[in-house]
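Each remark here refers to the structure printed beneath this line.
Just so you know, all these numbers are worked out from the coordinates, no wet-lab data involved. Just so it is clear, the model here is predicted, and its values are computed rather than measured. Please note: Cβ atoms are built from the backbone with ideal geometry, for glycine as well, and neighbour counts cover all protein chains shown.
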Amino acid sequence: MVFDHLAELARSARRITVLTGAGVSTESGVPDFRSPGSPWLVHKPIGYAEFLSGAEVRAEAWRRKFAMDDIYRDARPNRAHAALARLDGLGRLVAVVTQNIDGLHAAAGLAPSRLVELHGNGTYAHCLTCGQHFELATVRRHLEATGCALDCACGGFIKSATVAFGQTLPTATLQRAVAAAKGCDLFVAVGSSLVVRPAATLPQIAQAHGAVLVILNREATPLDPAADHLFRCDAGDGLLALLDGVAATAG
Ligand code: NAD
């Protein structure tokens, strides 16, 4: 069986870190970024410098954000998210480091202490100046009523709590991700095209610190030649096999 080897690797692992990308959420109905026909290329996220450049650009950024939200508003965690939440219960998970902004790992019940949302979270917004939290519904009501992006009472710009292209990742978040890569003996990258940095640097940081690198993905990635084990598979199938392997020796 294709996954026997993966389950065997999982059985012998003591500390597992998993990097997830958009491919983990496609089964939930959230489109990934690079597959052909992706709506993200129609409602293309606006980069950080451009977002800061003017009020009309900020309004357009919000229009695109809400257009995408409408596409996957009913998305619920799938078996891949559920498998990772259950893996935590078995005591061998260091962390899930995710590139995803859809909030589905948390919705599946993964503890915040185990979850590193590298690119932030698109389920709420915050002021870039004072940090105040805003519900998306508040921002949307204002946009739909006025055609303008809502600004904070402090004068700051309100932005979805994601890391835009060209925006610096919060240092503490990146440090947690790097620590999780260094602190595992099995590193699994799943559903990621492994082209977005710094996320794409984590697999080799893990390997350099002694971890076995497993890549689970439907398509080829630039890191495939470096992987110790490669599985061309659906994220859900691969993560369930991983969970089975760990569960077989848990207790
Ligand atoms: P990507 O779109 O570049 O790559 C996704 C990869 O997953 C592709 O290689 C694809 O072949 C594979 N894939 C798709 N469905 C799969 C499945 N069911 N099983 C296994 N593999 C599957 O995504 P990325 O590498 O995560 O980079 C895109 C960036 O855009 C992310 O860093 C993220 O910030 C953002 N994004 C987030 C979401 C989300 O939150 N769900 C969705 C799209 C984009």
Find the relative contact order for the stretch 13-157 and round it to a whole percent, using C-alpha pairs within less than 8 Å whose residues are 6+ positions apart.
-> 24
Sort the following peptides by mean Cβ neighbour count (other Cβ atoms within 10 Å, averaged over residues), highest first: 19-28, 104-113.
-> 19-28, 104-113
Excluding Arg15 itself, what net charge comes from residues whose Cβ is under 13 Å from its Cβ, given Lys and Arg +1 and Asp and Glu -1?
-> +2
Which percent, nearest 5, of DSSP beta bridges in the chain are antiparallel?
-> 25
Does the stretch 119-158 come out rounded, prolate or oblate, given a ≥ b ≥ c as the square roots of the eigenvalues of its C-alpha gyration tensor, rounded meaning a/c under 1.5 and, failing that, prolate meaning a/b above b/c?
-> oblate
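Run through the stretch 158-194 and list the trypsin sites (Lys or Arg not before Pro) located in a DSSP loop whose Cβ has at most 10 other Cβ atoms within 10 Å.
Filter output for the stretch 158-194: empty list.
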How many angstrom lie between the C-alpha centres of the stretch 217-251 and the stretch 194-211?
-> 16
log10 I(q)/I(0), Debye, Cα-only the stretch 8-71, no solvent, q = 0.12, 0.29 Å⁻¹?
-> -0.48, -1.18
For every other residue with a beta carbon closer than 10 angstrom to the beta carbon of Leu52, add +1 if it is Lys or Arg and -1 if Asp or Glu, then tell me the sum.
-> +1
Report, in deg cm²/dmol and to the nearest 500, the calculated mean residue ellipticity at 222 nm for the chain, where each DSSP H run with n ≥ 4 adds -39500 (n - 2.57) and the sum is divided by the residue count.
-> -11000 deg cm²/dmol
Summed side-chain charge close to Gly91 - residues other than Gly91 whose Cβ falls under 13 Å, Lys, Arg +1, Asp, Glu -1 | +4
